[in-house]
Amino acid sequence: MKRFLVALFGFLTLRRRRKPKPPPPEEPPVLPPPNRGAENAVIVLLLLAGLCGAAFVFFYATSSIPNQTQWLGLSLGVALGLVAAALIVLSRTLLNEEESEEDYPDQEHPAEQEEVGQLVERAGSRFTRKGLLKAAGGAAAVGVGAALMAPAASLGPVTGTNSLYDTPWKRGRRLVDVRGRPLAANEIETGTFYTAFPEHTSRDEIGSPLVLVRLDPRELRLPAARRAWAPGGILAFSKICTHAGCAVALYRKPTFAPIDPRPALVCPCHYSTFDPARGGDVIFGPAGRPLPQLPLEVDAQGNLRAAGNFSGPVGPSWWGVRLWKAQP
Amino acid sequence: MRRLRLPLVLLLGALAIAGIAHGQPPSGISRPSNETSVSQLELGAELYAGNCASCHGVAGRGIVSNMAHQGTGGIRGRGPSLRGVGAQAADLYLRTGFMPLSNPGERPYRRRVLFSDPEIRALVAYVASLGPGPPIPRVDPAAGSVSEGFQLFTEHCAGCHQSVAEGGYVTDARVPPIKQDTPTQVAEAVRTGPYLMPKFSQRQISDAELNSIVAYVQASKHPDDRGGWGIGHLGPVPEGMIAWAVAGIALVGLCVLIGERVKA
């Protein structure tokens with residue numbers, strides 16, 4: 001109770017003391033002189049940052065240059081470093097760092113307070129070429145911003161998506177194995193899997209490699225439109241995982257179907273698991289869409305041929321990969 | 001405290017019993033008493049009837065339905081037919097301890113072999129007599145090339161078994177390491193495709209290529225660790241963990257060494 005009374009008394013007296021405020025002094029506070037050298041440094045640094053951002057966009061768009069990844073990292077890193085350097089110079093040399101020390105809650109030096117307040121208000125006026133600074137800042141923002149946005153271009157074509165369906169496969173093209181020998185339908189056994197390529201074309205194309213399996217035709221649960229795509233139960237899928245573009249190199253097959261897990265194609269990178277019997281549907285893992293299926297037919301010699309193109313776009317749903325060309 | 005004691009004793013007792021039960025070998029092998037006096041095929045047939053038929057059915061016909069088959073001791077076992085699998089598969093499953101399973105739904109994995117060598121030979125001969133099937137493959141790692149084997153292993157096997165044959169995972173199953181397998185067992189597994197593994201025909205892997213693969217598998221049992229410590233040969237994950245654990249602690253130690261504590 002006693003303490004409360006003392007506090008109340010102190011509070012009241014303080015309030016009374018604060019009321020008669022002296023008028024602010026008329027004398028304007030003194031600012032340091034303008035610093036042209038530092039200004040120039042800030043502007044140059046910002047412009048260089050914008051230039052480096054533009055360089056990142058250039059490197060991103062030109063996939064033919066060697067060491068592209070290193071150039072990308074270098075340009076973006078230098079751009080961000082230059083922005084940081086400009087901010088450091090700006091804060092160290094051109095901004096006022098006056099501080100007022102006061103005992104809270106008393107305002108002991110109202111005159112000084114006012115002076116600092118004016119200093120802060122007029123701090124901007126110390127920079128003589130504000131327009132230029134703003135332009136340089138804008139250039140840096142545009143350059144670095146463009147650098148950060150550029151990878152979005154690789155998410156896919158903005159308009160025509162036809163290029164995603166460009167593969168070497170078309171009706172009548174023969175399937176060959178890794179040694180170039182044509183694959184005959186009666187050579188394809190159940191319980192194992194095969195890798196196949198299109199005859200007489202590049203194997204480096206992302207749409208080239210196939211994984212081939214044979215299932216009992218009674219086990220197939222293909223969509224109605226694909227009933228004729230699997231002659232004798234032979235199914236062909238793109239070997240490129242639709243998640244991150246790894247080769248789908250694992251096939252699990254049951255030894256005893258009533259107990260064991262059902263047949264599945266598995267990608268070793270992140271364990272995306274596809275069900276061949278259901279047209280490559282994803283049954284586990286991070287892949288976002290089914291493995292594209294290739295329709296097959298058997299020619300008069302008994303060899304396997306493509307009966308058309310894939311059921312969907314081949315390749316990963318992942319940025320940057322479609323710009324990339326395989327090195328021989 | 002007193003109230004806790006009885007459940008605790010019960011729990012410990014149950015754990016002890018479970019531990020003993022777990023430590024026991026799978027249910028014993030039933031053997032004919034006159035093992036040495038019967039012919040090999042007869043011995044095989046008797047061992048088959050006593051230890052295999054509950055799942056694989058009479059004369060290797062398999063039990064695919066849930067119905068209890070004749071001669072299976074009333075057990076509603078389930079197992080594939082063994083007709084036509086040949087000596088190749090029987091030899092692999094028996095010599096790796098994959099079979100017999102203690103429970104029909106169990107996944108086969110490498111464990112202690114419960115049959116003696118003459119018993120295995122008798123069983124293999126019996127299973128081979130059930131129907132025409134592939135014989136035990138002949139393999140000669142000395143005729144293969146380790147470098148070619150490495151390429152072939154990377155192409156056909158490393159997806160599941162990893163590049164130094166340490167094993168790994170496939171969705172829904174563990175992929176075993178190939179460290180304990182003999183050259184013959186590796187060849188049998190490649191041609192048979194045990195459990196979830198695909199089988200590989202001559203069209204995919206020729207006998208000469210198989211020799212090279214086996215030569216590589218043999219070489220991979222003692223990899224040349226230039227770094228000094230293989231860390232399980234599991235690749236970047238344990239290597240990264242070691243880097244973080246060791247380098248991280250070293251960095252913190254360095255900071256403590258050179259840093260200056262600021263008194264507030």
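Just so you know, all these numbers are worked out from the coordinates, no wet-lab data involved. Because the structure is predicted, anything quoted here is derived from the model rather than measured. Backbone-built Cβ (ideal geometry, glycine too); neighbour counts: all protein chains shown.
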* Exceeding the 26 Å Cα-Cα cut-off - candidates A:K239/B:K199; A:K239/B:K179; B:K199/B:K221; A:K170/A:K239 -> A:K239/B:K179
* Structure fact -> Unit-weight point scatterers at every alpha-carbon of the range B:141-220, Debye formula, q = 0.14, 0.21 1/Å: log10 I(q)/I(0) is -0.38, -0.90
* To do: Per residue of B:167-174, count partner chain C-beta atoms within 10 Å of its C-beta, then hand back the mean as an integer.
  => 5
* Is there a simple number for the mean count of other chain Cβ atoms within 10 Å of the Cβ of residues in A:254-266, and what is it? -> 6
* Starting from the Cα of B:A245, step 7 Å along the direction of its Cβ; do the same at B:I231; then give the gap between the two resulting points in nm. => 0.9 nm
* Work out, step by step, the length gained on full extension between A:A228 and A:D204: first 0.36 nm times the residue separation, then minus their alpha carbon distance; give nm to one decimal. => 5.8 nm
* Structure fact -> Taking only C-alpha positions in the range B:29-129, Rg and Dmax in angstrom work out to 12.7, 37
* Shape call for the range B:198-264 from the C-alpha gyration tensor, a ≥ b ≥ c root eigenvalues: rounded (a/c under 1.5), prolate (a/b greater than b/c) or oblate? -> prolate
* Asked: Any idea what the alpha-carbon Rg over 2.2 N^0.38 Å comes to for the range A:164-322?
  -> 0.96
* Asked: Efficiency by 1/(1 + (r/R0)^6): what FRET value for A:Q68 and B:S129, r their Cβ-Cβ distance, R0 = 41 Å, to the nearest 0.05?
  -> 0.05
* **Protection proxy ranking, peptides A:131-142, B:246-257, average beta carbon neighbours within 10 Å, highest first** => A:131-142, B:246-257
* Structure fact -> Placing each pseudo-label 7 Å from Cα in the direction of the beta carbon, A:V44 and A:L164 end up separated by a distance in nanometres of 4.8 nm
* Structure fact -> Per the C-alpha gyration tensor (a ≥ b ≥ c, the square roots of its eigenvalues), the range A:109-252 is rounded if a/c is under 1.5, else prolate if a/b beats b/c, else oblate; here it's prolate
* Asked: Could the peptides A:59-69, B:171-181 be put in order, highest first, of the mean number of other beta-carbon atoms found within 10 Å of their residues?
  -> B:171-181, A:59-69
* For the range A:240-286, just say rounded, prolate or oblate: build the C-alpha gyration tensor, square-root its eigenvalues into a ≥ b ≥ c, call rounded for a/c under 1.5, and beyond that prolate if a/b exceeds b/c, oblate if not. => prolate
* Fully extended, how many nm does the chain gain between A:L132 and A:R171 (0.36 nm per residue separation, minus their Cα-Cα distance)? -> 7.8 nm
* Structure fact -> Env charge @ A:A257, Cβ radius under 10 Å, K,R +1 / D,E -1, value -1
* Asked: How long is the gain from A:D299 to A:A257 if the chain were fully straight, where each residue apart is worth 0.36 nm and the alpha carbon distance is subtracted?
  -> 12.0 nm
* Structure fact -> Computed from the beta carbon distance with a Förster radius of 41 Å, FRET efficiency for A:N186 and B:R174 to the nearest 0.05 stands at 0.75
